[in-house]
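Single-structure report; data block below.
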Amino acid sequence: MTSLQQLISFTGLALNLGLIAMAVFKRRIPICYSFFAYLVVTFCFSLIVSWMYPLIGRFYYYKELILDLVKMLVLLELNRKIFQYYPRVRRANQIVLLGSTVVFALYNWLAPPPNVSRWFFLAADLHSKIVQTLCLVYLYMSYSILFYRLHILPAYKSLILGFITSQFPLALGFALVATYGDDIRPHVGYSNAAFFLLALVIWGRVYWPSDSGSHPINSVDPRGVGPAPAGQEKRSKGPFGLGAAPQPHERKDLSLSSDRDRDKPIDGGGGCQ
C-alpha cells in the first residue's frame with residue numbers, strides 16, 4: 001500500500017471505530033441494530049484488508065457480497081422503523097423492495113458483464129448492479145419521506161443521506177471498473193474511499209444526539225417517528241389517509257374567540273362611516 005492508501009485506511013478505521021464507540025457509550029444502538037452491525041462488519045473487513053492487502057484475492061468478492069447482504073437488512077429495518085405508523089407508505093416501500101429484486105434479475109440478464117477476461121471484472125459488474133438496485137430503493141424511501149412530509153428522527157435522515165452519499169459513487173465506480181478494466185481501478189478506489197469517509201462523517205450525526213434527537217428512542221409521535229410533542233392532539237388525515245404533521249402550537253381556541261367577538265360590531269367597532 002502507498003502512503004496515501006495507508007492514510008486513507010487509517011482515517012477510515014479511526015472514524016469507523018469512533019462511530020462504534022459512540023453507539024456503545026451513548027447507548028444509541030437501538031436506533032438501527034443492522035446499521036450498527038454494518039459498522040462492525042465494515043471495520044473488521046477493513047482491518048483484514050489493510051493487514052493482507054497483497055493477498056486479498058477472492059476474499060474481496062465475498063466481503064462485498066456480505067456487506068451487500070447487511071445493507072439489505074438495514075433497508076428492511078429502516079422501512080419498518082421509519083414507516084411503522086404509516087402502513088400504506090410502508091407497504092409501498094415493501095413493494096418497491098420486492099420489485100427491485102425483479103429489476104435486478106432482469107438487469108443482470110439483459111446487461112451481461114462487458115469484460116470477462118478476469119474474475120474481478122465479473123465480481124465488479126455483479127456488485128455494481130446490486131448496489132444500483134439498493135440505491136433505487138433508498139431513493140424511493142427518500143421520495144416517500146419528502147412527498148408525504150413525514151416527521152422522522154434526525155438520526156434516520158443522516159443514516160439515509162450517508163448511504164446515498166457512499167453507495168452511488170460505489171455503484172458507478174464498480175461499473176467503470178467492469179467496463180474499462182485495471183487502467184481506471186486505482187482512481188475508482190480513491191474516489192470510493194473519499195465518498196465513504198464523507199459518509200462516515202455524515203453518520204456521526206446518527207449517534208451524536210442533538211437537541212431534537214436527544215429524546216429517548218422509544219418516545220415517538222403516535223403517528224410519526226419523531227419525538228412526541230407535549231400536548232399531542234388528534235390530527236386530521238392527509239393524503240391517502242396519512243396523518244398530517246403535528247402543529248399543536250398553531251391551534252386556536254375557536255370557541256373562546258367566538259365568545260369574545262360575539263358582542264362586537266361587524267365592522268370591528270369603528271361603526272359606519
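The values are calculated or read from the model by the stated rules, or taken from the named source; none is laboratory data. The structure displayed is predicted, hence computed values, not measured ones. Positions of Cβ are generated from backbone atoms using ideal geometry, with glycine treated the same way; all protein chains shown enter the neighbour counts.
General remarks:
- Any chance Ile8 is without any contact (Cβ under 8 Å) to a residue 12 or more places away in the chain, surrounded by 13 or more Cβ atoms within 10 Å (Cβ to Cβ) and of a type in the set (A, V, I, L, M, F, W, C): no
- Candidate set: the range 14-44, residues that are over 21 Å from the mean Cα position of the chain (by Cα) and within 30 Å of Arg80 (Cα to Cα); chosen: the one surrounded by the most Cβ atoms within 10 Å (Cβ to Cβ): Cys44
- Filtered residues of the range 143-168 (kept if in a helix (DSSP H, G or I) and crowded, with 19+ Cβ neighbours inside 10 Å): Ser144, Ile145, Ala155, Tyr156, Ser158, Leu159, Ile160, Gly162, Phe163, Ser166, Gln167
- Residues satisfying the stated conditions in the range 1-13, i.e. over 20 Å from the mean Cα position of the chain (by Cα) and not aromatic (Phe, Trp, Tyr): Met1, Thr2, Ser3, Leu4, Gln5, Gln6, Leu7, Ile8, Ser9, Thr11, Leu13
- Residue match in the range 173-187 (condition: among the aromatic types (Phe, Trp, Tyr), farther than 28 Å from Met22 by Cβ and at pLDDT 90 or above): no
- In this structure, Arg91 does satisfy being farther than 18 Å from Leu69 by Cα and part of a helix (DSSP H, G or I).
- Among the residues here, Glu77 does not qualify as within 19 Å of the chain's Cα centre (by Cα), charged (D, E, K, R) and modelled with pLDDT under 90.
- Verdict on Thr133 being of a type in the set (S, T, N, Q), modelled with pLDDT under 80 and under 30 Å from Thr11 (Cβ atoms): no
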